[in-house]
Each structure stands twice: as C-alpha cells, then as structure tokens.
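K.L.:
Below you'll find the structure I mean.
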Amino acid sequence: MGRELSGEVEPRRVEERKMDHIQICLNREVEAKNITTGFEDIFLIHRALPELNLDEIDLSTEVFGHRFSAPIIISSITGGAEEALKINASIAEAVEELGLGMGVGSQRAALENPNLRRTYSIVRRKAPTAFLAANIGAPQIVRDYKVQELKVAVDMIEADALMIHLNPLQEAIQPEGEALYSGVLMKIREAAESLDIPVIVKETGAGIAAEDARMLKEAGVAGIDVAGAGGTSWAAVECYRANQKGDYFSEEVGRQFWDWGVPTAVCVVEAVQSTGLPVIASGGVRSGLDIAKALGLGAELAGFALPILKPAAEGSGAVKRRINLFIRQLRTSMFLVGARSIEGLREAPLVILGRTAEWLKLRGYNLESYARRGGRGWR
C-alpha cells in the first residue's frame, strides 16, 4: 500500500509526530498572534422584543443526512498515538451523549501501522450513533493512497463522511513535510465519485477562499470545512517542532508564516456565496457566540478543536462541560436575536464592519444583504 517503508521506521516517525503535535498544542502558545478570525467584526442585531422564550429554542439541524442536536462538530484532532486513545475516547463519549459529531485526526498512522487502528476505532465504540468523519491528508492521496485505502480509513471508524484535509502551509514548514499537491483536485474528484458517503474537504487553519471553494464544488465534494486563520496555527506548531530538532530554516519559515491565511469569517462568506454547499465554520471558534455569528454568515455547522483538547485529556465529563458552555452561549445568542431555530438564526440580520468588511468589499461581496434580511427572523 503506497510507498515502500523502511521497516517500521516511517510508521514510528508518524506516531512520534502525532505525539509532538499533542504535546505542543497542550503546552505551548499555538494560536495566531497578529491575525484574527474576523468574528469580532460581525455584529448580530439585538432584539429587545424577541417574542419567544429561551427554552423554546430548537438547536437541532440536519446536515450531510445526519441529525445534530446542535450545529456543532468537534474538528479533527488526533489519533495514531497512545495518548490519542484517551483523547478520542473522551470526545466520542461526549458527542454521543450530546448528539453531535466529531472528526478524527489523519488516519495515515493507522494505515501504515495496523497496531494503531484502535486509537481511531475507539470513537465508534464510544459513539455508536454520533456523526463521525474519517480523515486523510491531501499529500497522501496524491502520492500514496487510492480509493481502496480511503475505504479502509472509512471502515476503520464506520464513518459517516470522509474528510480530506488540505495542509500546504504545514507541509511546507514541517521538517519532514511532504508538500505534494500537484494533481490533488483530480484525486479529490476520484474520491467523491467513488465513495458512497459524503466527502468533505477541510483546511487546517489557513482557510479556503472562493477560488478553491468553486473548484472543490466542481470536483463533487459534499461540503467544505473552511478552517480559516485566527485560531490554531500549524505553522506555529511546526515552528516549535523545528526548534526542537535544531532545524533553523524550518523554524524561521514557520515564524514568518505564523499568521498566514484567510480569516475564518471571510472564508465562510466566500465559500457560502460562491458554492451554495454546506459549509463548516472552523478556525478560531472559541465560544457559542462565535458559532452564532458563523451560522449567521451562512455556515451549517461550526467546528473547534483546541478548546476541547485539554478537557479531553481529563475525560469525557470535562469535554461535555466545555461543549455545554458553548451550547448555552449559542442558545443565548439565538434568544437575543429572536431566532427560534437554526434556520431562523441563518436569516437573522447582522452587520459586518471593520477589516472583515473591507476585505469582503474588495473581493466583490455585497454585505448590505446581511444587514437588511430576515424581517423578524422568527422560526
């Protein structure tokens, strides 16, 4: 399967890299420094007369043929290392109880070392009915994996969808990076045509703008997870790793590109308006209010990972507590704009100001429609 491996050296290196990523994200400052998500420029219109009760609000929504109790998916985090087993189990238990969804980290490690499959398959055992997304990286489908291997990844967790992640920034900086993207769109198209579950393409913190979103739609994907800039910076993560390895050039390149990317709020508007596909808003989502703003911009779901990582290392109870806080904040946001349902929230008026508005206007987007829509916005 894929390239020839030198004994167990390459699988071991992949597992070590997974451990590095977990430890760095747990213990170092990995978020963007000088670029923001743009959510601070989004203002939902307060309704002093919401004409509904807080407990009447319905957060449920249906996306990708699955019913979510709230429009939340825990973004792809990890797998392929022993420490990942507990993290994935904790998250899976929480999303099962709360009726949400989650994605696992890249399954390359398990495809190359079957002994690591349990660090991924644990999620279906802990979450028999939740929405689960398998995950493989674009460079691997370009060079290594055909549809057969993608099906193995899907079957490993009995997935409801496959996420193909795009990480050109990370690969360009990573000391062992594989910046192999020539022909990737054709491979995405093959996956979308061959698999009998939705194929979702996601970025990993640098965003998906309109140009790429349109190409992905033409390739037949079922949805787009924009994973925009303003949250976790994988340039930062690889900068730390390069420092640990004494790789001066990778470290300095990572430092220079720490804040590279398209802000999440911008990505949501561009992807929604240019494709009409279901869009997942992730990248720096740090509250239920961020979720409300993302849905107001047109997203179907919101995803986050870093806020869940430390709670997941503690256990499912801590994960549920953090998610429930986001849900309470989302419900409060909906109450304050008079939205009974997620569809009502998506129609509620909002105003886009500041740098985000400047960016979108220069890109040719009409922002007045957001401010004038919705009437009372109740559903």
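K.L.:
Which count do you get for residues in region 132-178 that are out of contact with any strand residue (DSSP E or B) (no Cβ under 8 Å at 6 or more places or on another chain) and of a type in the set (A, V, I, L, M, F, W, C)?
P.N.:
Selection size over region 132-178: 6.
K.L.:
Going by the conditions given, is Arg189 of a type in the set (Lys, Arg) and within 22 Å of Gly283 (Cβ to Cβ)?
P.N.:
Values: of a type in the set (Lys, Arg): yes; within 22 Å of Gly283 (Cβ to Cβ): no.
The answer is no for Arg189.
K.L.:
Looking only at region 157-194, count how many residues are closer than 20 Å to His21 by Cβ and crowded, with 16+ Cβ neighbours inside 10 Å. Break it down into steps so the answer makes sense when it comes.
P.N.:
So in region 157-194, the residues closer than 20 Å to His21 by Cβ come out as 157, 163-180.
Those left that are additionally crowded, with 16+ Cβ neighbours inside 10 Å: 157, 163-175, 177-178, 180.
Number satisfying all stated conditions: 17.
K.L.:
What number of residues in region 335-356 are assigned to a helix (DSSP H, G or I), more than 17 Å from Phe68 (Cα to Cα) and in contact with a helix residue (DSSP H, G or I) (Cβ under 8 Å, 6 or more places away or on another chain)?
P.N.:
Matching residues across region 335-356 total 5.
K.L.:
Does region 322-340 hold any residues that are within 18 Å of Val351 (Cα to Cα) and of a type in the set (S, T, N, Q), and which are they?
P.N.:
Once the filter is applied, which keeps residues that are within 18 Å of Val351 (Cα to Cα) and of a type in the set (S, T, N, Q), region 322-340 yields only Ser333.
K.L.:
Quick one: Glu93 ticks every box in (1) at pLDDT 95 or above; (2) surrounded by 20 or more Cβ atoms within 10 Å (Cβ to Cβ); (3) within 16 Å of Ala161 (Cα to Cα) except a single one, so which number is it?
P.N.:
Of (1) at pLDDT 95 or above; (2) surrounded by 20 or more Cβ atoms within 10 Å (Cβ to Cβ); (3) within 16 Å of Ala161 (Cα to Cα), only one is false for Glu93: (3).
K.L.:
Between a residue in region 116-130 that is touching a residue at least 40 places away in the same chain (Cβ under 8 Å) and any residue that is assigned to a loop (DSSP other than H, G, I, E, B), which pairs come within a Cβ distance under 7 Å, given they are 6 or more apart or on different chains?
P.N.:
Pairs that qualify, where the first residue is touching a residue at least 40 places away in the same chain (Cβ under 8 Å) and the partner is assigned to a loop (DSSP other than H, G, I, E, B), are Leu116/Gly80; Thr119/Gly79; Thr119/Gly80; Thr119/Ala81; Tyr120/Gly79; Tyr120/Val104; Tyr120/Gln107.
K.L.:
Of the residues Ile224, Ile200, Ile208, which single one is modelled with pLDDT of 95 or more, assigned to a loop (DSSP other than H, G, I, E, B) and either basic (Lys, Arg) or crowded, with 24+ Cβ neighbours inside 10 Å (or both)?
P.N.:
On the way: Ile224 fails: assigned to a loop (DSSP other than H, G, I, E, B); Ile200 fails: assigned to a loop (DSSP other than H, G, I, E, B).
Answer to the selection: Ile208.
K.L.:
Ok, one more. Out of everything in region 283-330 that is out of contact with any helix residue (DSSP H, G or I) (no Cβ under 7 Å at 6 or more places or on another chain) and crowded, with 20+ Cβ neighbours inside 10 Å, what residue ends up being nearest to Gly364 (Cα to Cα)?
P.N.:
Checking each candidate, the answer is Glu300.
The values are calculated or read from the model by the stated rules, or taken from the named source; none is laboratory data. Source: prediction; values computed, not measured. Quick reminder, even Gly has a Cβ in these numbers, built from the backbone with ideal geometry, and neighbours come from all protein chains shown.
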